[in-house]
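First the structure, in the form of structure tokens, and then the observations on it.
FYI, it's all coordinate maths here, none of it is from the lab. Note that the coordinates shown come from a computational prediction; the quantities given were computed from them, not determined experimentally. Cβ: placed from backbone, ideal geometry, glycine included. Neighbour counts: every protein chain shown.
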Amino acid sequence: MDGSMNPELKGAADAPFYLAQSDEIEVFEAASSNNLPVLLKGPTGCGKTRFVAHMAAKLGRPLYTVACHDDLAAADLIGRYLLKGGETVWVDGPLTRAVREGAICYLDEVVEARKDVTVVLHPLTDDRRILPIDRTGEELEAAPGFMLVASYNPGYQNILKTLKPSTRQRFISVEFDFPAPNLEEKVVAEESGLDIERVKPLVRLANKLRGLKGQDLEEGVSTRLVVYAATLIAQGMNVDRAVRAAMVEPLTDDEDIKRGLFDLVTAVF
Ligand code: ADP
């Protein structure tokens, strides 16, 4: 079955590090206290998943995270009958568990999932807050505290993979982007342990590479990749090698484009 079946439960004291980009923490808190679902929009690797983990810990809620993919069906979220020791037993999926327990359910990259998933989300995202389970005949009312959070990357140029307005308009939306340079430097230094002065050129390079999005590159370099590069450097790897492994090779397989990217690297370092 997809999705972590053991929810993460962290207290506010050990909430994973998250540096706010704007007022997203306040918006999330307001949505949570008003039972509103939240949609996080933004490029991959810019901090959406970390943000949800941080907020779940801050609010003291268990968190079920499901990484959606094109084979993920409603049954993977809701549950199914399984054979156990010769008996057929019903096993809740992560969404059902979150609904019963009043937890946060985070559907990462929700547009990747099969179409039947959005049908399930509709009655959960209006004021009924119910989850009908056809297979068992149950109609679950979400426990207090249940919150649905989904993310998607509107940048993927695939017309079939956008959220339909009828789904999108059921969520409060928060837009994410790569953090501003001074914030990204702090994030990367904190995550990698590399001195902030040595992080600065990596962030400068990342922003130059992001400028190529749409021309030579499909996606700009993510904060995640900058953290990887800084981690390799903090471990003693030479800067050139680390940048190549973490910030150039993951972006493209095209040799000509790669050469162009190396020119940028040389210009920055
Ligand atoms: P997304 O879910 O948007 O694809 P993640 O939340 O997994 O991205 O972020 C990737 C990595 O970037 C995180 O593991 C973390 O190291 C770092 N990161 C990005 N933004 C932040 C932030 N604002 N605060 C803390 N860490 C961040």
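Pairs under 7 Å by beta carbon, first residue closer than 30 Å to K161 by Cβ and in contact (Cβ under 8 Å) with a residue 24 or more places away in the chain in the stretch 70-92, partner among the hydrophobic types (A, V, I, L, M, F, W, C) and part of a loop (DSSP other than H, G, I, E, B), six or more apart or different chains?
Here the result reads L72/A113; D76/M1, each pair linking the stretch 70-92 to a residue that is among the hydrophobic types (A, V, I, L, M, F, W, C) and part of a loop (DSSP other than H, G, I, E, B).
Could you tell me which numbered condition L194 fails, if it satisfies all but one of (1) under 25 Å from the mean Cα position of the chain (by Cα); (2) surrounded by fewer than 18 Cβ atoms within 10 Å (Cβ to Cβ); (3) more than 22 Å from K41 (Cα to Cα); (4) not polar (S, T, N, Q)?
For L194, the exception is condition (2).
Restricting attention to the stretch 222-242, and to residues there that are within 9 Å of the ligand (Cβ to nearest atom) and under 15 Å from K200 (Cβ atoms), which single residue is surrounded by the most Cβ atoms within 10 Å (Cβ to Cβ)?
V226
Looking at P123, P144, can you tell me which residue is surrounded by fewer than 20 Cβ atoms within 10 Å (Cβ to Cβ), away from the ligand (no atom under 16 Å from the Cβ) and over 19 Å from P62 (Cβ atoms)?
Going through P123, P144 in turn, the sole match is P123.
Assuming T167 fulfils every condition listed in (1) closer than 29 Å to E29 by Cα; (2) away from the ligand (no atom under 14 Å from the Cβ); (3) surrounded by fewer than 18 Cβ atoms within 10 Å (Cβ to Cβ); (4) of a type outside the set (F, W, Y) apart from one, which condition is it?
(3)
Find the helices (runs of 4 or more DSSP H) located wholly in the stretch 1-111 whose residues include 1 or more that are within 16 Å of the ligand (Cβ to nearest atom) and not hydrophobic (A, V, I, L, M, F, W, C), and list them. Don't jump to the end; show me each part of the working.
Details: elements: 24-33, 48-59, 74-78, 94-101.
Those helices (runs of 4 or more DSSP H) span 24-33, 48-59.
Tell me, please, whether a residue that is β-branched (V, I, T), closer than 21 Å to A180 by Cα and surrounded by 13 or more Cβ atoms within 10 Å (Cβ to Cβ) can be found in the stretch 249-263. I'd like the intermediate steps shown before the answer.
Here is the first cut: in the stretch 249-263, the residues β-branched (V, I, T) are 252, 257.
Checking which are closer than 21 Å to A180 by Cα leaves us with none.
No, the stretch 249-263 contains no residue that is β-branched (V, I, T), closer than 21 Å to A180 by Cα and surrounded by 13 or more Cβ atoms within 10 Å (Cβ to Cβ).
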